[in-house]
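Notes follow once the structure below has been shown.
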Amino acid sequence: MRADGSVTETLIHFPTDGWLLADSVRVIGRTLVAARQLLKPRSGSDKKLFRDSHRRAKHLARQIAQRVRATKGQKSLENQALRQYRPLVKVTQESIAHGWEIVLRLKQRGTPAALALVTTLEHYLPLVAQVIDQTTRRVFQHAQVPAGEKIVSLFEPHTAIIKRGKARPHDTEFGRKVWYCESDGGILTDYRLLVGNPPESEYWLPSLKHQRQLLGRVPEVATADRGVYSPDNEQAAKDLGVKRVVLPKPGAKSRARQRLEDQPWFKAVRRWRSGAEGRISHLRRARRLDRCLNRGEAGMERWLGWGVITNNFVVIAMTLTRPHRSAKKCRI
């Protein structure tokens, strides 16, 4: 068994505070327009509750983006960009207040169409409040918001901010981390959609147990990259019955460890492990697992599941249709 991790991106645009606020006003605004068709307000004060301010929010977000691109370290232009955030935040807060007011009126109406709009508003309004909170903390209070507390998309709120030490411009990825395990022959025996950006070492032992349950025995050889290494993971694999555990140790190594990793079988398994990166590259290109086009976390699970199933079917078909050479030698 060889294991490695990858990232499947979600279908979102690059997240910025300004455009997240503009998206918030747009989502609330179009729902309020639909609610206006049901409630049919008559007075002028009631009509203000159903106002769609997405054009103003979009205009402010575009101005902020232009100011930020033009700053290049100039404090005066940076302050101008910060001033643009205040009216945008105010417009978003007004949209939230109108949204909660319309929720109460829709619940009083009680029709299926009204309750459907209530469900939509109750889903998005807390997310919009979170967007306002993180914008206030980052822009006005200059505070560092932990990645686990950030929301980068209203439509894909399960999207995580993932940093794996890659070079720019791929140093930050927006999507979900995926853990793959492959058996000898190219069959994917395990895949896991991870939450957030956890260390991959946590899934080493569960994958070994899963393969034992799936195939009836543990693999003779188990390997992963240096990010999975720990003495506990090595010992746990040996306790399960794995004969050869190949987890390269990062950093300084003792002489005993150097002698172990210099053995021919250890180097051969390391070379075989590098093929996992080729398998993941194939999944990303041929199976389109580089970016999920389905919506929601359930859509992400379906996208990955069918990609893995397709990969296994193709590997099995190629193995069965591969021409086998006869063991008999040709005589001339």
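Each reported figure results from applying straightforward, stated rules to the coordinates on display, with no laboratory input. Keep in mind that this is a model prediction, so the values were computed, not measured. Glycine also receives a Cβ, built like all others from the backbone with ideal geometry; neighbour counts cover every protein chain displayed.
Tabulated data
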| item | result |
| --- | --- |
| Net length gained if the chain between R51 and A268 were fully extended (0.36 nm per residue, minus Cα distance) | 71.4 nm |
| Pairwise label distance in nanometres, A113 with D290, each label 7 Å out on the Cα-Cβ vector | 4.4 |
| Rel. contact order, % - alpha carbon contacts under 8 angstrom, at least six apart, the chain | 21 |
| Cα-centre dipole for the range 158-321 with unit charges at Cβ (Lys and Arg positive, Asp and Glu negative), debye to 20 | 420 |
| Among L104, L88, L289, residue whose mean-square fluctuation peaks in a GNM of the chain (springs only between Cα atoms under 10 Å) | L104 |
| Scaled radius of gyration (Cα, divided by 2.2 N^0.38 Å) that the range 78-188 gives | 1.51 |
| Computed label-point distance, nm, for sites A317 and F140 using a 7 Å Cα→Cβ extension | 5.8 |
| For the range 138-144, 3J(HN,Hα) per residue [Karplus equation, 6.51 cos²θ - 1.76 cosθ + 1.60, θ = phi - 60°, Hz, x = Gly/Pro] | 7, 7, 8, 9, 6, 9, 8 |
| Point-to-point label distance, L260-R217, nm (Cα→Cβ direction, 7 Å offset) | 2.4 |
| Calculated FRET efficiency for the pair K209/R105, C-beta based, R₀ 56 Å, to 0.05 | 0.55 |
| Packing rank of 30-36, 269-275, 304-310, where each peptide gets the mean count of other beta carbons within 10 Å, highest leading | 30-36, 304-310, 269-275 |
